[in-house]
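A.B. asks: This is the structure I want to talk about, given as structure tokens.
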Number of protein chains: 6
Amino acid sequence: MIFLTRHEHFNAAHKLFNPAWSVEKNEEVFGKCANANWHGHNYDLIVTVKGEIDPDTGFLIDVKKLSTILQIHVCDKLDHKNLNLDVDFMLGVLASTENLAIAIWNQIVPHLPTNVKLHSVKLYETPRIGVEYFGH
Amino acid sequence: MIFLTRHEHFNAAHKLFNPAWSVEKNEEVFGKCANANWHGHNYDLIVTVKGEIDPDTGFLIDVKKLSTILQIHVCDKLDHKNLNLDVDFMLGVLASTENLAIAIWNQIVPHLPTNVKLHSVKLYETPRIGVEYFGH
Amino acid sequence: MIFLTRHEHFNAAHKLFNPAWSVEKNEEVFGKCANANWHGHNYDLIVTVKGEIDPDTGFLIDVKKLSTILQIHVCDKLDHKNLNLDVDFMLGVLASTENLAIAIWNQIVPHLPTNVKLHSVKLYETPRIGVEYFGH
Amino acid sequence: MIFLTRHEHFNAAHKLFNPAWSVEKNEEVFGKCANANWHGHNYDLIVTVKGEIDPDTGFLIDVKKLSTILQIHVCDKLDHKNLNLDVDFMLGVLASTENLAIAIWNQIVPHLPTNVKLHSVKLYETPRIGVEYFGH
Amino acid sequence: MIFLTRHEHFNAAHKLFNPAWSVEKNEEVFGKCANANWHGHNYDLIVTVKGEIDPDTGFLIDVKKLSTILQIHVCDKLDHKNLNLDVDFMLGVLASTENLAIAIWNQIVPHLPTNVKLHSVKLYETPRIGVEYFGH
Amino acid sequence: MIFLTRHEHFNAAHKLFNPAWSVEKNEEVFGKCANANWHGHNYDLIVTVKGEIDPDTGFLIDVKKLSTILQIHVCDKLDHKNLNLDVDFMLGVLASTENLAIAIWNQIVPHLPTNVKLHSVKLYETPRIGVEYFGH
């Protein structure tokens, strides 16, 4: 069993806002992250897959293929977008890093070859704050 | 003459949009950076000042004092804000990294002690794209 | 189950010294790390907690709360201190990175909310040397 | 149980080439990585070992000893070398990052002290592409 | 005057070899960098241009245009190549980082718009060794 | 004219303390940096030299020779040392980053070959605080 990791990058705007709460309650809980006019981040996405090495190629998976999957199903949908307004797979979801990491996991899984399993999605919203999800 | 550099950090939303142009022209020129719903960045701000060392302290300037100036007059006004809507010193200015670096220069200069000169403002909007301004 | 990671930073002096040994034996075993006049490091502290996401906030834990816990119970006690002399929870402990990581674990655990479990404490004493502890 | 990580670095040339295939098939599968005249990388090697802390030293293992093992049995054999031609433990092996990580694992294991177990070998061929092996 | 910096990346093989010298002299002068079977690097290329801001766009130059110039005239010609054998603008040139930085400068200059001047080419062959050229 | 940069690293203890002042005055001015029991840093040293390229080697200077000069005359004297007590060229000097950068400049200059000029010494005491000296 070998693990392969690919780093991707996207820039997005978001705010933290629970529509079931008043504006005041949102500001009390989320502080400046609730700014009505949005703020944004350079997100670092670190995806790890696992499986057996193909003896013909020496690869678990061609990292260019993995990168293409991440590009089409994750980064193109998030890059230079508003996480609360523009992203089909985040509609109705509170745009926290935790929820975004899980949503990204769900975006990737259907597109991996059958011999490659998704191991983890790690998502940094700043260089000092990251979230990791292992699928359960 | 010694040069002292301090790195700061802020997260903000923005879009690139020239109000004198149609939406179509903006999208043609600025591409996905013109997204009406905004996008955002983790900005890295690298400020260098210069001058003579104070023999009593061995300091050009106490870096905590420099950091406080940057916090009050730059980062607190930009962090978790919308550069196009929320920032007094950016109102009416196209929110490019170039223009933001110059605006930050102008925010800092009035607050430095007289023996300390601002040398450069370097501003990275992604780890791979940065702008530097030397005041003229 | 989601994992949330926070990076903190502190600067400290220390030396490696076993008081049961002679100075010569300490120098033989610890080399330049035994320098009687101390040396020091910029420590990078990487703390990971785990648990379920609160559906109201989208958070495992507000990362500002986690950061405050780390600030009060770890970084304020270590930053700009001498690990061998100034730190109550390191007194009588050999100030290796291994022992410091375990001591930091014990400093954090009592202060986490009951729904949040400490997963790991990773401590880098240089960019190339790190230690990780998982609590057992 | 404590985990200790050491980062090492080496620069090498390689190409991806399966000798059972035609040049055309190699180019089709491996693209520019199959360039007959080679290409190369700065490899980042991140080795983690685990075990109990020695109470006399506070160490799992003296990190200088670990670094010496990695230097002699891994880095000296790979640094400024051609992975396909110059490295005894890679002869006949397709020089993918996956295979190299496993070969490095096998180079390290025989040389660790009995109280120290190898936990993982992580190998980055670029800052965005890495492989990790846990020994099974 | 504003300065804009773009970071690019390429991986290449090379060796240091002066054809006017014997193999022995090459090995004596260049050491392991003269390895006949090549070695390689992940090169980090940091290009800075300068000029006036266009008031209509807030840009010195659209960084995507700068990146395209660097891609076509520099990175596509160097990435996954052998610097001594595969690169038209390095033929007959000793493949040191110094000479490569100057050659890259000459590749870029003819393709910049007239209002944009090349300020510097910085080229790192490892994270700890870099060269910078300012055009004279 | 070409510029060559080499990054080195050392770990040291220090405190900021002006012996002409009372302990109270030192604490008032230097805050926690005046801690009597010392604190410490991982210093990053970035040295840039300049001159003409030797056409026989393609080098300004063999970077291994530059690194050896830095090792012998700077890093070996500072690494795992106390800047206030153990370093001959810092005795009687307030151990600020500013003063240390200038002292390092003076350590390097006498040992460079005549065709190589020292351009700058940049010294980071944390990843966010650095000083640069150009020799005048």
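A.B. asks: Find the residue count for region E:78-128, including only residues that are out of contact with any strand residue (DSSP E or B) (no Cβ under 7 Å at 6 or more places or on another chain) and outside any loop (DSSP other than H, G, I, E, B).
C.D. replies: Of the residues in region E:78-128, 9 are out of contact with any strand residue (DSSP E or B) (no Cβ under 7 Å at 6 or more places or on another chain) and outside any loop (DSSP other than H, G, I, E, B).
A.B. asks: Can I ask one more? Taking D:Leu100 as meeting all but one of (1) within 13 Å of the chain's Cα centre (by Cα); (2) more than 20 Å from A:Leu60 (Cβ to Cβ), write down the number of the exception.
C.D. replies: Failing condition for D:Leu100: (2).
A.B. asks: Separate question: I need the full set of residues from region B:1-34 which are among the hydroxyl-bearing types (Ser, Thr, Tyr) and buried (at least 20 other Cβ atoms within 10 Å of the Cβ), in order please.
C.D. replies: Listed by number, the list holds a single entry, B:Thr5.
A.B. asks: Taking region D:86-125 as the region of interest, how many residues are over 21 Å from A:Val116 (Cα atoms) and of a type in the set (Ser, Thr, Tyr)? Don't jump to the end; show me each part of the working.
C.D. replies: Narrowing region D:86-125 to residues over 21 Å from A:Val116 (Cα atoms): D:86-93, D:103-119.
Of the ones still in play, those that are also of a type in the set (Ser, Thr, Tyr) are D:114.
Counting residues in region D:86-125 that are over 21 Å from A:Val116 (Cα atoms) and of a type in the set (Ser, Thr, Tyr) gives 1.
A.B. asks: Looking at D:Asn26, D:Asn35, D:Asn11, can you tell me which residue is in contact (Cβ under 8 Å) with a residue 60 or more places away in the chain and over 29 Å from C:His136 (Cα atoms)? Talk me through it step by step, then tell me what you get.
C.D. replies: Working: D:Asn26 fails: in contact (Cβ under 8 Å) with a residue 60 or more places away in the chain; D:Asn35 fails: in contact (Cβ under 8 Å) with a residue 60 or more places away in the chain.
The match here is D:Asn11.
A.B. asks: Is there any pair with a first residue in region B:53-79 that is more than 23 Å from B:Ile102 (Cβ to Cβ) and a second that is among the charged types (D, E, K, R) and assigned to a helix (DSSP H, G or I) whose Cβ atoms are under 6 Å apart and which are 6 or more apart or on different chains, and what are they?
C.D. replies: B:Ile53/F:Glu98; B:Gly58/F:Glu98; B:Leu60/F:Glu98
A.B. asks: Return the total of residues in region E:46-88 being among the charged types (D, E, K, R) and within 12 Å of the chain's Cα centre (by Cα). Before you say what the answer is, go through the steps one by one.
C.D. replies: Filtering region E:46-88 down to residues among the charged types (D, E, K, R) leaves E:50, E:52, E:54, E:56, E:62, E:64-65, E:76-77, E:79, E:81, E:86, E:88.
Then keep just the ones that are within 12 Å of the chain's Cα centre (by Cα); that gives E:76-77, E:79.
Number satisfying all stated conditions: 3.
A.B. asks: Given the conditions (1) touching a His at 6+ places or on another chain (Cβ under 6 Å); (2) in a helix (DSSP H, G or I), and given that F:Ile46 satisfies all but one, which numbered condition is not satisfied?
C.D. replies: Here F:Ile46 clears every test but (2).
A.B. asks: Something else: Let me confirm something: among B:Thr68, B:Thr57, which residue is of a type in the set (Val, Ile, Thr), more than 14 Å from chain A (Cβ to nearest Cβ) and assigned to a loop (DSSP other than H, G, I, E, B)?
C.D. replies: From the options B:Thr68, B:Thr57, the qualifying one is B:Thr57.
A.B. asks: How many residues does region A:80-99 contain that are in contact (Cβ under 8 Å) with a residue 24 or more places away in the chain and under 18 Å from A:Gly130 (Cα atoms)?
C.D. replies: 6
A.B. asks: Further question: Residues that are crowded, with 18+ Cβ neighbours inside 10 Å, more than 28 Å from B:Asn115 (Cα to Cα) and out of contact with any strand residue (DSSP E or B) (no Cβ under 6 Å at 6 or more places or on another chain): does region B:35-53 have at least one?
C.D. replies: Checked region B:35-53: at least one residue is crowded, with 18+ Cβ neighbours inside 10 Å, more than 28 Å from B:Asn115 (Cα to Cα) and out of contact with any strand residue (DSSP E or B) (no Cβ under 6 Å at 6 or more places or on another chain).
A.B. asks: Identify, please: which residue in region B:1-42 is aliphatic (A, V, I, L, M), more than 8 Å from chain A (Cβ to nearest Cβ) and in a strand (DSSP E or B) and is, among those, farthest from A:Cys33 (Cα to Cα)? Before you say what the answer is, go through the steps one by one.
C.D. replies: Restricting attention to region B:1-42, the residues satisfying the condition of being aliphatic (A, V, I, L, M) are B:1-2, B:4, B:12-13, B:16, B:20, B:23, B:29, B:34, B:36.
Still in the running and more than 8 Å from chain A (Cβ to nearest Cβ): B:1-2, B:4, B:16, B:20, B:23, B:29, B:34, B:36.
Then keep just the ones that are in a strand (DSSP E or B); that gives B:2, B:4.
Details: B:Ile2: 38, B:Leu4: 32 Å.
Here the answer is B:Ile2.
A.B. asks: On to the next question. Can you pull out every residue in region D:105-130 that is within 10 Å of the chain's Cα centre (by Cα), more than 20 Å from D:Trp38 (Cβ to Cβ) and aliphatic (A, V, I, L, M)?
C.D. replies: Listed by number, the residues that qualify are D:Ile108, D:Val121.
A.B. asks: Does region C:76-87 include one or more residues that are within 22 Å of F:Gly40 (Cα to Cα), away from chain F (no Cβ under 14 Å), buried (at least 16 other Cβ atoms within 10 Å of the Cβ) and touching an Asp or Glu at 6+ places or on another chain (Cβ under 8 Å)?
C.D. replies: Step one: of region C:76-87, the residues within 22 Å of F:Gly40 (Cα to Cα) are C:76-87.
Subset that is away from chain F (no Cβ under 14 Å): none.
No, there is no match, as no residue in region C:76-87 is within 22 Å of F:Gly40 (Cα to Cα), away from chain F (no Cβ under 14 Å), buried (at least 16 other Cβ atoms within 10 Å of the Cβ) and touching an Asp or Glu at 6+ places or on another chain (Cβ under 8 Å).
A.B. asks: Which of the residues that make up region C:93-136 are at the interface with another protein chain (Cβ under 8 Å from one of its Cβ atoms) and hydrophobic (A, V, I, L, M, F, W, C)?
C.D. replies: Answer for region C:93-136, where residues must be at the interface with another protein chain (Cβ under 8 Å from one of its Cβ atoms) and hydrophobic (A, V, I, L, M, F, W, C): C:Val93, C:Leu94, C:Ala95, C:Ala101, C:Ile102, C:Ile129, C:Val131, C:Phe134.
A.B. asks: What are the residues in region C:63-75 that are farther than 16 Å from F:Lys32 by Cα and either among the hydroxyl-bearing types (Ser, Thr, Tyr) or surrounded by fewer than 17 Cβ atoms within 10 Å (Cβ to Cβ) (or both), if any?
C.D. replies: C:Lys64, C:Lys65, C:Ser67, C:Thr68
Quick note: the coordinates plus some simple rules give every number you see, no bench work behind them. Since this is a predicted model, take the numbers as computed values, not measurements. So basically every Cβ, Gly included, is an ideal-geometry build from the backbone, and we count neighbours across all protein chains shown.
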